[in-house]
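Peer 1: Structure incoming, see below.
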Amino acid sequence: MVTTRPGRTNRYYNTVISRFSPRSPALERIMPSALYMTVIPHFSATLRFLATHRLSALCLCTLLAAPHQTEAADLEPATVAAFDRYVAATEIRTRAPTPALWIDQLPDEGQREAHTELQAGHVFVERLTTRDGGREIEVPGGLIHHWIGTVFVPGTSTAQAVRLLQDYDHHAELFAPMVQRSRTLSKEGDHFTVFLRFYQKKGITVIVNSDHDARFTQLAAGLVAARIVSTRIQEVENPGPNEREKPVGHDGGYLWRLNTYWRFVERDDGVYVQCESVTLTRGIPFGLGWLIGPFVTSIPRESLTFTLDTALKTLRRAGPGLATITSP
């Protein structure tokens, strides 16, 4: 399981932080918001790197003050093609009925660790990478963030867990504050089109409006899969009465694509709920990979963890009687 531990504060941190506070305009100019949201807590590790290589904190201050332009980013066809290739390779595995859960194919020690975490009521999360023919899939101008998480809900059923996810008209209540608005646009059997407005705030605020296509499939008794993919994502500028949506693919680049793959598995007197997320964002500005690369995946991971933890708590409170999805 992946964990993140912020570095300890030291004198090099104090030197730089006195000039660049978490609301520093210099930092905001050079970092996409998702990166800026997470880099400050880990500054000390970066500065220890600089000290080890005999670089002064002043060098870092000079770099951070440089006028890099990252306010807008264009989603290029080559970036979309690479993401589609990554998704196609990933879905070869996600479409397979077995193993039912990702943790089922872990080594014995990994399975024991996972089940210990799940029985304790925790979210078990791992980072994944899909390769094509054994080779890494390059994504020009973008970054793919691939995570998988699982929770175990004792005393519930697959039908209840699926019904919770399908209740899109109430997602803004269930998954607040991450989801601000939600509604079902259309429904035909177990095929939904939905609208979701996502909200993230860590020093700065990012809001996006998005449409999604969701398909649920009963693979076997007590085993349901869902494939939910974004069909439109637009960043919101100046949220409020006079807000406007930025053009698709020409915005901050904080979220360009979002695919999630769900599994609901009824066993061990409860239900395992698994969500695998594959997201696409803009790339890191040239020359800053050594600084912010290690932190770029924290926002997708935090969002996945929040979603699964919220589902776990909601299902624990819910009673029986939620409707089942219809059979395919």
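Peer 1: Can you tell me how many residues within segment 207-247 are over 17 Å from Thr158 (Cβ atoms) and outside any strand (DSSP E or B)?
Peer 2: 8
Peer 1: Please verify whether segment 253-276 includes one or more residues that are modelled with pLDDT under 90 and in the same structural domain as His170 (by TED's automatic domain parsing).
Peer 2: Restricting attention to segment 253-276, the residues satisfying the condition of being modelled with pLDDT under 90 are 253-254.
Now restrict to residues that are in the same structural domain as His170 (by TED's automatic domain parsing): 253-254.
Yes - at least one qualifying residue is present in segment 253-276.
Peer 1: Check segment 146-169 and report whether any residue there is assigned by TED's automatic domain parsing to the domain that holds Thr217, in a strand (DSSP E or B) and out of contact with any strand residue (DSSP E or B) (no Cβ under 8 Å at 6 or more places or on another chain). Spell out how you get there, then give the answer.
Peer 2: Residues of segment 146-169 assigned by TED's automatic domain parsing to the domain that holds Thr217: 146-169.
Okay, now just the ones that are also in a strand (DSSP E or B), so 146-154.
Checking the rest, the ones that are also out of contact with any strand residue (DSSP E or B) (no Cβ under 8 Å at 6 or more places or on another chain) come to none.
No; the residues of segment 146-169 include none that is assigned by TED's automatic domain parsing to the domain that holds Thr217, in a strand (DSSP E or B) and out of contact with any strand residue (DSSP E or B) (no Cβ under 8 Å at 6 or more places or on another chain).
Peer 1: Has segment 125-142 got at least one residue that is buried (at least 20 other Cβ atoms within 10 Å of the Cβ), in the same structural domain as Thr231 (by TED's automatic domain parsing) and in a helix (DSSP H, G or I)?
Peer 2: Scanning segment 125-142 turns up no residue that is buried (at least 20 other Cβ atoms within 10 Å of the Cβ), in the same structural domain as Thr231 (by TED's automatic domain parsing) and in a helix (DSSP H, G or I).
Peer 1: Hey, can you tell me all the residues within segment 80-121 that are closer than 25 Å to Thr310 by Cβ, part of a loop (DSSP other than H, G, I, E, B) and touching a residue at least 12 places away in the same chain (Cβ under 8 Å)?
Peer 2: Ala100, Leu101, Gly121, listed by residue number.
Residue-by-condition table, conditions (1) under 29 Å from Arg316 (Cα atoms); (2) under 21 Å from the mean Cα position of the chain (by Cα):
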| position | (1), (2) |
| --- | --- |
| Gly222 | yes, no |
| Gly240 | no, no |
| Gly249 | no, yes |
| Asn259 | yes, yes |
| Val278 | yes, yes |
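Peer 1: Among the residues of segment 224-238, count how many are more than 21 Å from the chain's Cα centre (by Cα) and exposed (fewer than 15 other Cβ atoms within 10 Å of the Cβ).
Peer 2: Kept after step one, since they are more than 21 Å from the chain's Cα centre (by Cα), are these residues of segment 224-238: 224, 237-238.
Those still in the list that are exposed (fewer than 15 other Cβ atoms within 10 Å of the Cβ) too: 237-238.
Of the residues in segment 224-238, 2 are more than 21 Å from the chain's Cα centre (by Cα) and exposed (fewer than 15 other Cβ atoms within 10 Å of the Cβ).
Peer 1: Kindly establish whether Gln200 is closer than 21 Å to Ser303 by Cβ, surrounded by fewer than 21 Cβ atoms within 10 Å (Cβ to Cβ) and assigned by TED's automatic domain parsing to the domain that holds Leu185. Step through it out loud before you land on a result.
Peer 2: On the way: closer than 21 Å to Ser303 by Cβ: yes; surrounded by fewer than 21 Cβ atoms within 10 Å (Cβ to Cβ): yes; assigned by TED's automatic domain parsing to the domain that holds Leu185: yes.
Answer is yes for this residue.
Let's see how each residue does on (1) in contact (Cβ under 8 Å) with a residue 60 or more places away in the chain; (2) within 20 Å of Val123 (Cβ to Cβ):
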{"position": "Ile148", "(1), (2)": "yes, yes"}
{"position": "Pro154", "(1), (2)": "yes, yes"}
{"position": "Gln166", "(1), (2)": "yes, no"}
{"position": "Thr184", "(1), (2)": "no, no"}
{"position": "Val194", "(1), (2)": "no, no"}
{"position": "Ala226", "(1), (2)": "yes, yes"}
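Peer 1: Picking from Phe198, Phe175, which residue would you name as being within 30 Å of Thr98 (Cα to Cα) and under 17 Å from the mean Cα position of the chain (by Cα)?
Peer 2: Phe175
Peer 1: Moving on. Please find, within segment 184-195, the residue that is farthest from the chain's Cα centre (by Cα) out of those that are in a strand (DSSP E or B) and not β-branched (Val, Ile, Thr).
Peer 2: So in segment 184-195, the residues in a strand (DSSP E or B) come out as 184-188, 191-195.
Those still in the list that are not β-branched (Val, Ile, Thr) too: 185-188, 191-192, 195.
Values: Leu185: 23, Ser186: 25, Lys187: 25, Glu188: 28, His191: 23, Phe192: 21, Phe195: 18 Å.
Among those residues, the one meeting the criterion is Glu188.
Peer 1: Please go through segment 76-93 and give me each residue that is within 16 Å of His145 (Cα to Cα) and surrounded by 13 or more Cβ atoms within 10 Å (Cβ to Cβ), ordered by number.
Peer 2: If the condition is that a residue be within 16 Å of His145 (Cα to Cα) and surrounded by 13 or more Cβ atoms within 10 Å (Cβ to Cβ), then Thr79, Val80, Ala82, Phe83, Arg85, Tyr86, Val87, Ala89, Thr90, Glu91 are the ones that fit.
The values are calculated or read from the model by the stated rules, or taken from the named source; none is laboratory data. All of these numbers come straight from a predicted model, not from anything done at the bench. Don't worry about glycine lacking a Cβ; one is built from the backbone with ideal geometry, like all the others, and counts go over all protein chains shown.
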